[in-house]
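Below is one structure, written out as structure tokens; the observations come after it.
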Amino acid sequence: MDSNQEVDSSNTDSTSITITPTTPTTTTIMTSPPSSSSSSPSTLSRYENQKRRDWNTFGQYLRNHRPPLSLSRCSGAHVLEFLRYLDQFGKTKVHTQLCPFFGHPNPPAPCPCPLRQAWGSLDALIGRLRAAYEENGGKPEANPFGARAVRLYLREVRDSQAKARGISYEKKKRKRPPQPPSLPPPSSS
Ligand SMILES: [Zn+2]
């Protein structure tokens, strides 16, 4: 007996409703020209190069991780661990609340406060890694770089650094100008 099985799902005429979480894929829409088959690394944008380097750094971090950690098991908590690990290479002085220069944008003297990664660097880094993760086959819904904990951590870093340096990132928000077009093709004569 034929049942009416077409009632089931075919009446949704909007074909591609993929429920994407609110993470905007930031810069995957960058200028990827309909390129001729030249794929030398020198044609990559600075962003792409940086993204690749960041991705390698993170891969290295995973390989050196104890206990061993594979990308597929990587969670937002591991990303936070990674960000804290990066702080030791930071170059931004972040005053503690005990420091007399806490809140001073331009301290008149050196102080022993730690150097950290600037919030802006971390924020950009996470953006690149989030894109790289998906470009390397990761599922968007499992993207640890888009995890809520990571967003919250970044916000916290931003606020605490803004306070420590006496500046507000809301006021000083600077937009990076769009990258200038790359070099003209050599055959312009
Ligand atoms: Zn200080």
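Just so it is clear, none of the values below were taken in a lab; they were calculated from the coordinates. Values in this document were obtained by computation on a predicted structure and should not be read as measured data. As a convention, Cβ positions derive from the backbone with ideal geometry for all residues, glycine included, and neighbour counts pool all protein chains shown.
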Taking region 107-122 and keeping residues away from the ligand (no atom under 12 Å from the Cβ) and either among the aliphatic types (A, V, I, L, M) or buried (at least 18 other Cβ atoms within 10 Å of the Cβ) (or both) leaves 117, 118, 119, 122
Within region 52-92, the count of residues that are free of Cβ contacts under 8 Å to residues at least 40 places away in the same chain and either part of a loop (DSSP other than H, G, I, E, B) or within 16 Å of the ligand (Cβ to nearest atom) (or both) comes to 9
The residue that is surrounded by the most Cβ atoms within 10 Å (Cβ to Cβ), considering only those in region 95-106 that are near the ligand (Cβ under 8 Å from one of its atoms) and within 13 Å of residue 160 (Cα to Cα), is 95
Quick check, is residue 124 of a type outside the set (Asp, Glu) and closer than 28 Å to residue 72 by Cα? yes
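Would you call residue 120 out of contact with any Cys (no Cβ under 7 Å at 6 or more places or on another chain), of a type in the set (Gly, Ala, Ser), closer than 19 Å to residue 166 by Cβ and part of a helix (DSSP H, G or I)?
Against the criterion (out of contact with any Cys (no Cβ under 7 Å at 6 or more places or on another chain), of a type in the set (Gly, Ala, Ser), closer than 19 Å to residue 166 by Cβ and part of a helix (DSSP H, G or I)), residue 120 qualifies.
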